[in-house]
Amino acid sequence: MSAEIISGTEMRAAILEELRGEVAAIKEKYDTVPGLVTILVGENPASVSYVTLKVKTALGLGFHEIQDNQPEDITEDELLALIDKYNNDPSIHGILVQLPLPKHIDEEKVITAINPDKDVDGFHPVNLGRMVLGDKDGFLPCTPAGIQEMIVRSGTETSGAEVVVVGRSNIVGKPISIMMGQKGVGANSTVTMVHTRTKNLEEHCKRADILIVAAGVPNLVKPEWIKPGSTVIDVGVNRIGTAPSGKALLSGDVEFDKAKEIAGKITPVPGGVGPMTIAMLMKNTVASAWRHLGAE
Ligand code: NAP
């Protein structure tokens, strides 16, 4: 039997609808709306398209949205001063600096310059620390948060589940491994994180009730590595060519066509984890607005 497809596009639509209600409630209670600034440095085509989508989504929700585009040659000091300005702007509840930044700018310095309470991307070390501690006052990084939300909304049981995460990057593999192993709803799993030095990758994957793959290697996970009936979350986004229309052809890290005949539930690429990342950014911004306005 073919797996149930977990559609990130449909889940994003449902989440944005829920957030629309929250924006209206904020407006009614505080006579203001969530404020998000997106800072884009230079014109990297992928970054431009990500930022455009984020801005469009924020505007669609009725946020106060500032798209602050800066030239490629902005200095590090100028960028840090810009962040400081938004840190002190009470109409802004979320600050997003699109990565990667040009080589002459120290990304770590920029991320740590953002007020952790406005760091809606969840990359600030303070928020990563809060995530490890299970402190709900922080912001979870958006892609792992989107993965967890998909698992929960798909009705997959996480408590006691064997979760195998392929990849140990700071933005996906490591945080989602920690989050799934925490105490709490949508977690309480037994987690194994695997990587390029892991022996018997296949054997680990075969044990997984929930397999999360974030390696960036097209078709790394073979159908025979998948436990029948399991939930498979494919985070990989790999450009494998260009369609005659000029559009990029994308593949995940899992052999989707065959894997969907074995898994119980599976995410597609595109249309899986990707749309959830933006939804979580919006969710973090709304949460930040509630906290800031409530504290004023
Ligand atoms: P990354 O920083 O390159 O990390 C990849 C991880 O996978 C590394 O830990 C690496 O192990 C491991 N790995 C690579 N090849 C492997 C193999 N053959 N066997 C076992 N482990 C292997 O990548 P990332 O930033 O986490 O991104 C991963 C994928 O997710 C990419 O395709 C990226 O485009 C996609 N992504 C999607 C979203 C979204 O919103 N949909 C967001 C972020 C990333 P080592 O540590 O040993 O090198």
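The values are calculated or read from the model by the stated rules, or taken from the named source; none is laboratory data. Please read all numbers here as calculations on a predicted model, not as lab measurements. FYI the Cβ positions are ideal-geometry reconstructions off the backbone, even for glycines, and counts take in every protein chain you see. Calculation scope for accessible area: heavy atoms of the full protein, side chains included, ligands and nucleic acids excluded. Shrake-Rupley method; radii C 1.70, N 1.55, O 1.52, S 1.80 Å.
Points to keep in mind about this one:
- Solvent-accessible surface (1.4 angstrom probe) belonging to Leu40, in square angstrom, nearest 10: 10 Å²
- Amide H contacts of Val166 (H built 1.01 Å from N, under 5 Å, at least 5 apart or other chain): Val194, Ile212, Val213, Ala214
- Between the amide H of Val97 and those of Ile39, distances stay under 5 Å, these residues lying 5 or more places away or on another chain, with hydrogens modeled in the peptide plane.
- Candidate aspartates and glutamates - alpha carbon under 19 Å from Lys27, same-chain residues fewer than 8 apart omitted: Glu17, Glu18, Glu65, Asp89, Glu296
- Cα extents for the chain along the principal axes, largest to smallest and rounded to whole angstrom: 53, 41, 36.
- Net charge of Cβ neighbours under 12 Å - reference Asp106; Lys, Arg +1; Asp, Glu -1: -2
- The range 9-141: Cα Rg divided by the 2.2 N^0.38 Å rule of thumb: 1.08
- Loop-resident GluC sites (Glu not before Pro) (DSSP state other than H, G, I, E or B) in the range 212-295 with no more than 14 further Cβ atoms inside 10 Å of their Cβ: Glu261.
- The 3J(HN,Hα) values that the Karplus relation (6.51, -1.76, 1.60; θ = phi - 60°) gives for the range 62-75 are, in residue order, x, 5, 7, 10, 10, 9, 9, 8, 10, x, 3, 9, 4, 7 Hz. Gly and Pro appear as x.
- 0 to 90° range, to nearest 10: angle between helix 76-87 axis and the chain longest Cα axis: 80 degrees
- Annotation: aspartates and glutamates with alpha-carbon distance below 18 angstrom to Lys103 (same-chain offsets under eight excluded): Glu43, Glu72, Asp73, Glu76, Asp77, Glu78.
- A straight Cα-to-Cα reach below 23 Å connects Lys247 with the lysines Lys54, Lys56, residues fewer than 8 places away in its own chain not being considered.
- Net charge over other residues, Cβ less than 11 angstrom from the Cβ of Gly146 (K, R count +1; D, E count -1): +2
- The range 161-223-the range 60-100 distance, computed between alpha-carbon centres (Å): 33 Å
- Average Cα contact separation per residue, the chain, under 8 Å, 6 or more apart, as relative contact order %: 22 percent
- Estimated translational diffusion coefficient (Stokes-Einstein, Kirkwood radius over Cα pairs, 20 °C, 1.002 mPa s) of the range 115-170: 171 µm² per second.
- For the range 142-276, convex hull of alpha carbons as volume per residue, Å³: 102 Å³
- Karplus 3J(HN,Hα) series, Hz, for the range 280-296 with 6.51 cos²θ - 1.76 cosθ + 1.60 (x for Gly, Pro): 5, 4, 5, 4, 4, 5, 5, 4, 5, 4, 4, 5, 5, 5, x, 8, 6
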